[in-house]
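J.: Starting off with a structure, shown below.
Derivation of every value follows stated rules applied to the coordinates shown; laboratory data play no part. Treat the numbers as computed from the prediction; the structure is a model and nothing was measured. Cβ placement follows ideal geometry from the backbone for every residue including glycine, while neighbour counts extend to all protein chains displayed.
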Amino acid sequence: MQISQNQFSIVVLAENHNPTIINPDFCDRKSIVDPSWGWKLKGDQITTPPFAKVQYENGVTITVEFGKLQVTDPGGSKDNMSKIREIVIKYIKELPNINYKAVGINFRSVITNGIDSTYLKDKFLKEGPWDTKDSPLQAVGYKFNYDIDNGKIGLSIDSGTLSSDVGNTIEENPVIIIGANFHRGFEAGAYKEIISAIENSDRDVEKYDQLVESLDII
């Protein structure tokens, strides 16, 4: 089996984000996205009162709604992880008067190779009337919740599929999807505390790795 982290994101909740200010010029002018990184824009960018999106060719996307800022890297690379932290912190410092109230550090990993559709069921679920020959259980998912400082961790494990091109056909291969949300809430306007949580999110990376290892899936 093989595990790969394929998504990392930071979400900052607030009462009054302003999507109309988010555009590529703002990101460049304020160095929200450092020009030295050489990131190139991809596709159409959106800036409207209810929603704004700036997307780059490497897959990193910045989206802003009235109640939420989200920066996502679908590849989950360690290098981009630090850059996403930097983007969010620069945004918050540039706009300190927004009523920030919570931050989420989010991970998603996929386990491939050697997985079949009943793997999670066979490993974690005992036999019982919920899984019979007449009504065989097709898939299961699990959710775990843990306390952390100022918040909680929500961890999920689910069965899924991954599409791949094989010749002229598309194959759907079973995978296990692991997701985690490290959510911390604060009093409205506590932007310094949110910045501190983001700056110290390496501890969340370590905790996520520990939790995944403790599942003993691989």
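J.: Efficiency by 1/(1 + (r/R0)^6): what FRET value for S36 and T61, r their Cβ-Cβ distance, R0 = 25 Å, to the nearest 0.05? Show your work: numbers first, answer last.
T.: Values: r = 20 Å, r/R0 = 0.80.
According to the calculation, E is roughly 0.80.
J.: Going 7 Å from the Cα of E193 in the Cα-to-Cβ direction, what parts of the stretch 13-35 have a backbone nitrogen less than 20 Å from that spot?
T.: 13-17
J.: A further question on this structure: For D28 paired with D158, estimate the spin-label separation in nm (one decimal), with each label point 7 Å from Cα along the Cα-to-Cβ line.
T.: Going from the D28 label point to the D158 one covers 3.8 nm.
J.: Just to check, using Stokes-Einstein with a Kirkwood Rh over alpha carbon pairs, what's the diffusion coefficient of the stretch 64-143 at 25 °C and 0.890 mPa s in µm²/s?
T.: Using the Kirkwood radius from Cα pairs, D works out to 145 µm²/s.
J.: Treat each spin label as a single point 7 Å out from the Cα along the C-beta direction, and report the N200 to D165 distance in nm.
T.: Roughly 4.7 nm, to one decimal.
J.: Another one. What number, rounded to the nearest 500 deg cm²/dmol, is the helix-based mean residue ellipticity at 222 nm of the chain, given -39500 (n - 2.57) per DSSP H run of at least four residues and division by all its residues?
T.: Rounded to the nearest 500, it is -7000 deg cm²/dmol.
J.: Also, I was wondering about something else. Give me the one-decimal nm value for the distance between modelled label points at S135 and K78, 7 Å along each residue's Cα-to-Cβ direction.
T.: About 4.8 nm separates the two model spin labels.
J.: Can you compute the FRET efficiency between D216 and D149 using 1/(1 + (r/R0)^6), with r the Cβ-Cβ distance and R0 = 30 Å? Round to the nearest 0.05.
T.: So the FRET efficiency works out to roughly 0.70.
J.: By counting other Cβ atoms within 10 Å of each Cβ, how are D209, D216 ranked from fewest to most? Display every interim value, and only then the final one.
T.: Details: D209 13, D216 8.
The order, fewest Cβ neighbours first, is D216, D209.
J.: Going by C-beta contacts inside 10 Å, put R203, R85 in order with the fewest on the left.
T.: Details: R203 13, R85 20.
Placing the least packed residue first, the sequence is R203, R85.
J.: Right, next: Under a point-charge model restricted to the Cβ atoms of Lys and Arg (+1) and Asp and Glu (-1), what is the dipole moment magnitude of the stretch 2-214 relative to its Cα centre, in debye to the nearest 20?
T.: Computed about the Cα centre, the dipole is about 480 debye.
J.: What FRET efficiency, computed as 1/(1 + (r/R0)^6) with R0 = 25 Å and r the Cβ-Cβ distance, is obtained for T112 and I46, rounded to the nearest 0.05?
T.: 0.15
J.: Then there's this: Can you give the Kirkwood hydrodynamic radius for the stretch 2-214, in Å, rounded to one decimal and based on Cα pairs?
T.: Final number for the Kirkwood radius of the stretch 2-214 is 19.1 Å.
J.: Can you sort K68, K78 by how many other beta carbons sit within 10 Å, fewest first?
T.: Result, fewest neighbours first: K78, K68.
J.: Further question: Name the lysines eligible as straight-distance cross-link partners of K121: C-alpha to C-alpha under 27 Å, and not fewer than 8 places from it in the same chain.
T.: Cross-link targets: K133, K143, K152, K207.
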